[in-house]
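*Asks:* One structure is given below, represented as structure tokens, and several questions about it will come after.
The values are calculated or read from the model by the stated rules, or taken from the named source; none is laboratory data. Just so you know, these numbers come straight off a predicted model, no measurement behind them. Glycine gets a Cβ as well: all are built from the backbone with ideal geometry, and neighbour counts include every protein chain shown.
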Amino acid sequence: MSTSLHHRAIENLGTRIITGELPTGHIMLAEHLEEELQVSRSVVREAVRVLQSLGLVETTKRVGIRVLPPSRWNPFDSQVIRWRLSSDARGAQLRSLIELRSAVEPAAAELAANNAPAQLRRELVDIAHALRDAGHTGDAQKFLELDIAFHSVLLSGSGNEMFANLMGQVAETLTGRTVHGLMPDHPHEGALQWHVDLAEAVAAGDAATARAASEQIMRRTTSRLSGTWTDQPRVFIPVRRT
């Protein structure tokens, strides 16, 4: 099976579902997709399998492939996040991600100050200083790479494996902000310093200062981006009742 064909089929269908071009309840037939996408039945079958795993579609015997509502999508999957950030729902996706980060990262900073191994503490400080330098020079690509590394090391340093497994979601958030022009050419000086303050507090084992610096970073991020989600609806997941 051609990996590129498989990838293109997933990207085509996933993007169209997320944007609403293929709306909730829409029925697709494998033979029609085969013809439309100009791919083999095996490529269609594998693409549908992936989309099923993401909660975007379900297959029903003698009916076809049905598009599922947003409440069924896997909101933690990096592909779903990337597709939503490229859609008209970008603001809503950013809001959800920033609210998640605002809840998790200050706690991760506090835990890292208490628990991180010495190597991770040193690495976080080194990254923070390099991040500040990249911000001053306006090197957007280098800044993005370092920003992802900083927050990934912070989550890892918390010693909480569930926090650490949010690295991919944070990376997609930071990447999406850069790709879609939501980052300034030169980041806010205060935010750059807060990253350094956070790292040095973690290195010193100062949990309260580490949490406070992380909270400042997230408040600044929320303030800068809140305009992107004005009037964007929230997704309410139905409660499963026994």
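*Asks:* Answer yes or no: is there a residue in segment 146-155 that is farther than 22 Å from residue 192 by Cβ and in contact with a helix residue (DSSP H, G or I) (Cβ under 9 Å, 6 or more places away or on another chain). Spell out how you get there, then give the answer.
*Replies:* First, pick out the residues of segment 146-155 that are farther than 22 Å from residue 192 by Cβ: none.
There is no residue in segment 146-155 that is farther than 22 Å from residue 192 by Cβ and in contact with a helix residue (DSSP H, G or I) (Cβ under 9 Å, 6 or more places away or on another chain).
*Asks:* Now, a different point. Report every pair of residues separated by at least 6 positions or lying on different chains whose Cβ atoms are under 6 Å apart, first residue within segment 170-187 and touching a residue at least 60 places away in the same chain (Cβ under 8 Å), second outside any helix (DSSP H, G or I).
*Replies:* Correct list of pairs: 177/183.
*Asks:* Residue by residue through segment 180-235, note down the ones that are of a type in the set (Lys, Arg), touching a Pro at 6+ places or on another chain (Cβ under 9 Å) and either within 20 Å of residue 95 (Cα to Cα) or outside any helix (DSSP H, G or I) (or both). Give the derivation first.
*Replies:* Taking segment 180-235 and keeping what is of a type in the set (Lys, Arg), we get 211, 219-220, 224, 234.
Now restrict to residues that are touching a Pro at 6+ places or on another chain (Cβ under 9 Å): 211, 224.
Once the filter is applied, which keeps residues that are of a type in the set (Lys, Arg), touching a Pro at 6+ places or on another chain (Cβ under 9 Å) and either within 20 Å of residue 95 (Cα to Cα) or outside any helix (DSSP H, G or I) (or both), segment 180-235 yields only 224.
*Asks:* Got a sec? Which helices (runs of 4 or more DSSP H) wholly within segment 112-179 have at least 2 residues that are within 17 Å of the chain's Cα centre (by Cα) and not small (Gly, Ala, Ser)? Even if it seems obvious, please write down each step before you answer.
*Replies:* Values: elements: 118-137, 140-157, 161-164, 167-179.
Because the criterion is at least 2 residues that are within 17 Å of the chain's Cα centre (by Cα) and not small (Gly, Ala, Ser), the helices (runs of 4 or more DSSP H) in segment 112-179 that meet it are 140-157, 161-164, 167-179.
*Asks:* So, of the residues in segment 51-82 that are over 16 Å from residue 235 (Cβ atoms), surrounded by fewer than 18 Cβ atoms within 10 Å (Cβ to Cβ) and not charged (D, E, K, R), which turns out to be nearest to the chain's Cα centre (by Cα)? Spell out how you get there, then give the answer.
*Replies:* The first filter runs over segment 51-82 and keeps only residues over 16 Å from residue 235 (Cβ atoms), leaving 51-53, 57-66, 78-79, 82.
When the remaining residues are screened for being surrounded by fewer than 18 Cβ atoms within 10 Å (Cβ to Cβ), the result is 52-53, 58-64, 66, 78.
This time we only want the ones that are not charged (D, E, K, R), so: 52-53, 59-60, 63-64, 78.
Numbers: 52: 20, 53: 18, 59: 27, 60: 30, 63: 34, 64: 31, 78: 6 Å.
Among them, the one singled out is 78.
*Asks:* Is it fair to say residue 21 is under 23 Å from the mean Cα position of the chain (by Cα) and either surrounded by fewer than 15 Cβ atoms within 10 Å (Cβ to Cβ) or assigned by TED's automatic domain parsing to the domain that holds residue 84 (or both)?
*Replies:* Numbers: under 23 Å from the mean Cα position of the chain (by Cα): yes; either surrounded by fewer than 15 Cβ atoms within 10 Å (Cβ to Cβ) or assigned by TED's automatic domain parsing to the domain that holds residue 84 (or both): yes.
So residue 21 fits the description; yes.
*Asks:* Also, quick follow-up: Under the condition of being assigned to a helix (DSSP H, G or I) and hydrophobic (A, V, I, L, M, F, W, C), which residue from segment 24-50 is nearest to the chain's Cα centre (by Cα)? Steps first, please.
*Replies:* At the first step, the residues of segment 24-50 found to be assigned to a helix (DSSP H, G or I) are 30-37, 41-50.
Checking which are hydrophobic (A, V, I, L, M, F, W, C) leaves us with 30, 33, 37, 43-44, 47-48, 50.
Details: 30: 30, 33: 29, 37: 28, 43: 27, 44: 26, 47: 22, 48: 22, 50: 18 Å.
Ranking the candidates gives 50 first.
*Asks:* Right, another one. Going by the conditions given, is residue 5 outside any loop (DSSP other than H, G, I, E, B), closer than 20 Å to residue 69 by Cα and either touching a His at 6+ places or on another chain (Cβ under 9 Å) or of a type outside the set (Phe, Trp, Tyr) (or both)?
*Replies:* On the way: outside any loop (DSSP other than H, G, I, E, B): yes; closer than 20 Å to residue 69 by Cα: no; either touching a His at 6+ places or on another chain (Cβ under 9 Å) or of a type outside the set (Phe, Trp, Tyr) (or both): yes.
When the stated conditions are applied, residue 5 does not pass them.
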